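K.L.:
I am attaching a structure below and will ask some questions about it afterwards.
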Amino acid sequence: MQSEITETAADDAVAPAKKKQKCWAFRPEWKDKYPWLRCDIIDGSEKMFCSHCEKSGKKNGFTRGSTNMRSSSLIEHSQCNDHVIAVSLFSQQTAMKSHCEKAKDILNKKLSSQLQVVFYMTKNDIACHQYEGLTELLGAVRAPYFVTREGIYWHSDSVDDMEKALESVVMKQLDEKLKGSDFIGVIIDETVNITVDKKLIIYVKMEVKRRVEIHLLGNYDVHSGTAQCIFNKLVEVLRDRDLELSRVISLGSEGCSVMMGKRAGVGALLRRESAFSIQVHCVAHRVALAQDAAKSVDQVGAYKRTVTSVYSFYKHWASRTNRLRQLTAVLSDENMTSLKQPCAVRWLSLHKAVKSMKSNWPALVMELKEDAVGGNAQAQGILGQIQPYSFIALTHTLADVLPVMTKLNLILSGLTWPK
Ligand SMILES: [Zn+2]
């Protein structure tokens, strides 16, 4: 009421005419004082509206449009029951909205932290059932967003869902990269999973910003290991990712006839679709095949058998291994290196087996002699194999050659040489 009197007085001061002129118009400064106020021109005349009353569904002069361009009408509206209720509703809605946004933000950050945990687990081959333990640990060390259990997914099914979400992001980025590369290479190999189902693992090689990148595309089920079946799966996978076969210009494989057969191998089938495609026989596998040439040397085969029998002799006997360790400590400043078994699948393993044989040989002979004296026929047999000059000479020859071959193998496989 007081402000109305003051305003009327001010109006009088501006227009001191004898007769007051009734020229009422909307004043833009009213909007500063009344944030809910809006002025629209309807049918050529100005009308004032109240946004709060409109939003809360009230029906009054300020929702229909008021033409009463006086500050007194604004004061009157701001004090009316409809408006007071509408303002209260508006402030409650605003508070609720800000509360919800804050809660949503915290939930998003919690979810993001959980995704980071799952990403770490995936990268480090940690099984899904470890997830709950990891989140409990993070809660115990008061890691942000893990202090309360609220908003944390615990079940291992959630890990599957989160992995799928992460996968979709990774695959989306990969699709973008694939789109940007004019040509791509495909590297494939047959595998089996833990339940011995046949699988086809596919990698793609592409050019990204003038650099070559290799990415895993996926590990897919295949019904059989025939070239046609593998080729069909490859076509299906590439089509799903919108990749035309004509863009595939190389096929890398481990070189078996199913892959590299001149007439009906996967590479030959691919060439029918992409005339310029070339085939690459994995270099590490080729070196491994070259190493297999040693099979024709009888001494190397006999050597492997001897090393395997030494490994088996100590494998399940803690007391023998312990005695060997003590003898090594007496004979040398270095600690005993554990005995290794040459393994047919890993062509790198013979190097480790030879290395441990070379360093453990003096202690090995002494330990085996003790067993042989005690009447152990197996120890006597092994002793007879590892004591001759030919065995020692071959150990040293292989110890010189194999590190070079192993290093070459690792480099060709894209792995690093252990320092
Ligand atoms: Zn209102």
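The values are calculated or read from the model by the stated rules, or taken from the named source; none is laboratory data. Small disclaimer: the values here were computed from a predicted structure and weren't measured. So basically every Cβ, Gly included, is an ideal-geometry build from the backbone, and we count neighbours across all protein chains shown. Heavy atoms of the whole protein, side chains included, go into the accessibility calculation; ligands, DNA and RNA do not. Shrake-Rupley method; radii C 1.70, N 1.55, O 1.52, S 1.80 Å.
K.L.:
Could you rank GLU163, GLU273 by how accessible they are, 1.4 Å probe, largest area first?
P.N.:
GLU273, GLU163
K.L.:
Excluding same-chain residues fewer than 8 positions from LYS295, which lysines have a Cα within less than 24 Å of its Cα?
P.N.:
Straight-distance partners of LYS295: LYS304, LYS340, LYS352, LYS355, LYS358, LYS407.
K.L.:
Let me ask something else about it. Treat each spin label as a single point 7 Å out from the Cα along the C-beta direction, and report the PHE276 to TYR203 distance in nm.
P.N.:
Taking the two extended label points, one gets 2.4 nm.
K.L.:
Give the accessible area for THR67 in Å² (nearest 10); use a 1.4 Å probe, count only protein heavy atoms, and leave out ligands, DNA and RNA.
P.N.:
90
K.L.:
Magnitude of the Cβ-charge dipole of the range 99-168, K/R +1 and D/E -1, about the Cα centre, nearest 20 debye?
P.N.:
I would put it at about 360 debye.
K.L.:
Rounded to the nearest 10 Å², what accessible area does HIS129 have for a 1.4 Å probe in the complete protein model?
P.N.:
Using a 1.4 Å probe on the heavy atoms, I get roughly 140 Å².
K.L.:
Between the range 81-128 and the range 196-234, what's the alpha-carbon centroid distance in Å?
P.N.:
40
K.L.:
Next question, about the same structure. Rounded to the nearest 0.05, what FRET efficiency do ALA25 and ALA165 give with R0 = 45 Å and r taken as the Cβ-Cβ distance? Could you check? Each step should come with its number before you reach the end.
P.N.:
Details: r = 58 Å, r/R0 = 1.29.
The formula returns an efficiency of 0.20 here.
K.L.:
For the pair LYS407 and ALA293, how long in nm is the line joining their label points, each one 7 Å along Cα→Cβ?
P.N.:
For LYS407 paired with ALA293, the spin-label model returns 2.1 nm.
K.L.:
What number, in nm² with one decimal, is the all-direction average of the projected area of the convex hull of the alpha-carbon atoms of the range 131-237?
P.N.:
9.8
K.L.:
Shifting gears a bit: Using Cα-Cα distances under 8 Å and only pairs 6 or more residues apart, what relative contact order does the range 25-79 have, in percent?
P.N.:
29
K.L.:
Given the convex hull of the Cα atoms of the chain, what is a quarter of its surface area in nm²?
P.N.:
The orientation-averaged projected area of the Cα hull of the chain comes to 40.5 nm².
K.L.:
Applying 1/(1 + (r/R0)^6) with R0 = 30 Å to the Cβ-Cβ distance of GLU132 and ASN193, what FRET efficiency is obtained, to the nearest 0.05?
P.N.:
My answer for the efficiency is 0.75.
K.L.:
Also, I was wondering about something else. If R0 is 35 Å, what FRET efficiency do you get for SER312 and VAL283 from their C-beta distance, rounded to 0.05?
P.N.:
0.55
K.L.:
How much accessible area does THR226 have with a 1.4 Å probe, in Å² rounded to the nearest 10?
P.N.:
70
K.L.:
Percent of accessible area on the chain owned by carbon and sulfur, 1.4 Å probe?
P.N.:
Here carbon and sulfur together make up 56 percent of the probe-accessible area.
K.L.:
Put +1 on the Cβ of every Lys and Arg and -1 on every Asp and Glu Cβ in the chain; which of ALA293, SER71, LEU115 then has its Cα farthest towards the positive end of the dipole?
P.N.:
Toward the positive end, the furthest listed residue is ALA293.
K.L.:
Net charge near ARG286, counting Lys/Arg +1 and Asp/Glu -1 over other residues with Cβ under 15 Å of its Cβ?
P.N.:
-3
K.L.:
Among LEU174, CYS53, SER253, pick out the residue whose Cα is farthest towards the positive end of the charge dipole of the chain, where Lys and Arg carry +1 and Asp and Glu carry -1 on C-beta, about the Cα centre.
P.N.:
Highest projection toward the positive end goes to SER253.
K.L.:
Quote the charge dipole size of the chain about the Cα centre in Debye, to the nearest 20; the model charges only the Cβ of Lys and Arg (+1) and of Asp and Glu (-1).
P.N.:
The dipole magnitude comes to about 600 debye.
K.L.:
In square angstrom, what is the accessible area per residue of the chain with a 1.4 angstrom probe?
P.N.:
65
K.L.:
Return a single number: how many Lys pairs in the range 184-281, at a sequence separation of 8 or more or on separate chains, have alpha-carbon atoms below 21 angstrom apart.
P.N.:
4
K.L.:
Taking a 1.4 Å probe, which of SER224, SER257, SER113 shows the most accessible area, and what order do the others take after it?
P.N.:
Reading off the accessible areas and sorting them downward yields SER257, SER224, SER113.
K.L.:
Please list the helices of the chain that count as membrane-span-like by this rule: a mean Kyte-Doolittle hydropathy of at least 1.0 together with Cα atoms stretching 24 Å or more along the helix axis, each helix being a complete DSSP H run. Let's see the in-between values first.
P.N.:
On the way: long enough: 81-123 (62 Å, -0.23); 156-180 (36 Å, -0.67); 298-315 (25 Å, -0.52); 349-373 (32 Å, -0.18); 389-412 (34 Å, 1.19).
Helices meeting the criterion: 389-412.
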